[in-house]
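The values are calculated or read from the model by the stated rules, or taken from the named source; none is laboratory data. If you're wondering where the values come from, they're calculated on a predicted model, not measured in any experiment. Heads up, the Cβs are rebuilt from the backbone with ideal geometry, glycines too, and the neighbour counts pull from every protein chain shown.
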């Protein structure tokens with residue numbers, strides 16, 4: 001599904017073969033991406049992978065050197081100071097404010113710049129839990145508090161598109177949870193959210209789809225279930241009281257598996273998705289088994305796999321098929337490194 | 001317009017908070033009082049030496065200090081916010097870069113203008129009431145010219161500071177460029193002019209016009225032309241050959257505000273973030 005075929009109102013962001021070069025360095029190369037309204041997209045990748053660059057393109061702070069993109073039905077770099085920016089909320093990476101102003105003064109200034117009613121200042125301060133510190137100078141605030149103020153300013157003016165660059169960096173677990181809860185609320189309201197992070201486990205339940213970037217190239221794009229399948233990431237089964245040679249026994253039954261010793265006498269088993277039910281049945285049959293836990297492969301594993309693949313065959317991302325598929329590492333590569341081997345590590 | 005005022009107001013409040021207004025006003029006020037009170041020291045006496053001499057001395061003070069103050073006030077106006085990370089955030093707000101720059105400039109201009117007026121006004125009051133020989137109307141008209149042209153001088157260097165700030169890649173670079181700018185416009189060009197005046201024997205009719213290529217000299221010409229001193233110095237002699245209409249000179253000073261400001265806006269709009 002492309003934005004050309006759907007109406008502009010359902011498609012919030014569309015990258016069409018976008019490349020960006022700056023000072024001889026390719027920051028982004030041939031990115032194709034469509035984000036529907038109300039979708040939460042996770043932008044994942046190492047530092048320098050192109051996450052912030054992509055966001056700056058969406059904000060219109062940078063112009064693509066090749067290709068075109070539209071955000072909320074407009075070319076962001078041409079939209080200027082028009083109403084376009086009224087509908088945008090942006091939280092920069094390591095957001096910084098004027099240290100000599102208090103939180104309330106900062107928000108009041110930003111509310112005025114966005115032409116919103118002053119009542120929003122207090123609403124937002126309460127929403128991010130900063131009402132107590134609001135009248136202290138920002139210089140005395142902790143990084144986590146400043147980050148929450150950054151989120152508050154991104155939320156002002158009820159944006160239709162929210163771009164959050166590392167929104168949870170510097171936040172404690174409770175505040176991180178609060179951020180993700182906020183994103184869920186916004187999603188329910190139909191706000192499109194683009195979220196970059198390298199704290200993978202945290203974003204996993206929040207995002208609808210993930211775009212994994214590496215050195216400006218799209219390494220993978222899709223929802224987590226299909227990405228798991230595509231890269232045939234192993235399920236993890238953890239057990240207490242299972243025999244040590246479990247993996248060997250499984251292999252004898254025709255189930256490829258890899259086992260390792262997890263903490264406190266727990267055995268950790270990795271099996272391919274298609275074999276997980278067989279493996280479970282077999283494991284559950286052991287008499288001495290005290291405990292069993294099965295986990296789907298996390299984003300972390302996916303991420304490592306994709307990053308591993310990207311080096312093995314350069315240029316794979318842009319060959320062959322068209323549309324959004326163009327942006328996916330071919331299945332062949334996904335499988336070439338995938339089959340779990342028999343191996344006992346102790 | 002509302003946006004412009006919001007930005008200007010924030011900048012002005014920062015100026016108050018950081019004691020820029022107070023600091024500049026006190027500095028100018030104290031130095032101006034010193035000049036007024038001890039102006040005769042050069043001729044071996046103490047006390048007030050006459051209005052025109054005092055005003056000339058005050059204008060020299062303005063010419064040296066106000067450009068420096070303006071450059072220090074605003075050299076980091078843009079590059080500082082860029083380095084501080086606030087520019088990136090503000091660039092995503094619904095306003096043009098031009099509006100933001102103009103708003104900030106207005107705020108800074110108000111800080112500098114208010115401080116200059118306050119500083120010189122205090123000195124003026126003391127001169128007017130402390131010295132019996134001073135004629136009130138003369139003091140007032142002389143001071144108004146001095147203050148207006150000083151403010152314009154400050155604004156033109158403020159605009160230059162914005163231009164420097166829009167071009168600079170770092171605060172340190174902007175600071176050193178600001179100092180060089182002050183050094184060139186206030187000291188080097190002045191000395192070069194004197195050197196030319198001495199060196200060029202014939203056909204130096206173009207020399208006076210060279211003065212107009214420097215906002216600091218424009219300022220000096222304006223003050224001289226308004227005060228009409230009967231003092232002979234190389235510069236005043238030279239000045240006699242230049243246009244002496246205060247209105248024209250004031251327009252030139254305004255042009256010296258608008259030109260660098262326009263360049264600053266142009267440069268800032270191309271500045272990558």
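Things to note:
- Residue match in segment B:168-177 (condition: over 15 Å from the mean Cα position of the chain (by Cα), surrounded by 23 or more Cβ atoms within 10 Å (Cβ to Cβ) and in a helix (DSSP H, G or I)): yes
- Condition check for residue A:121: assigned to a helix (DSSP H, G or I), over 17 Å from residue B:3 (Cβ atoms), more than 7 Å from chain B (Cβ to nearest Cβ) and out of contact with any helix residue (DSSP H, G or I) (no Cβ under 9 Å at 6 or more places or on another chain): no
- Filter result (without any contact (Cβ under 8 Å) to a residue 40 or more places away in the chain and under 9 Å from residue B:71 (Cβ atoms)) within segment B:155-191: none
- Residue A:294 part of a strand (DSSP E or B) and either touching a helix residue (DSSP H, G or I) at 6+ places or on another chain (Cβ under 7 Å) or under 27 Å from residue A:183 (Cβ atoms) (or both): yes
- Taking segment A:199-289 and the helices (runs of 4 or more DSSP H) fully enclosed by it, the elements with 1 or more residues that are at pLDDT 85 or above and either out of contact with any strand residue (DSSP E or B) (no Cβ under 6 Å at 6 or more places or on another chain) or closer than 30 Å to residue A:169 by Cβ (or both) are at A:246-252, A:276-284.
- Residues satisfying the stated conditions in segment B:1-36, i.e. on the phi > 0 side of the Ramachandran plot and surrounded by 15 or more Cβ atoms within 10 Å (Cβ to Cβ): none
- Failed item in (1) under 30 Å from residue B:96 (Cα atoms); (2) assigned to a helix (DSSP H, G or I); (3) at pLDDT below 90, with residue B:220 passing the rest: (1)
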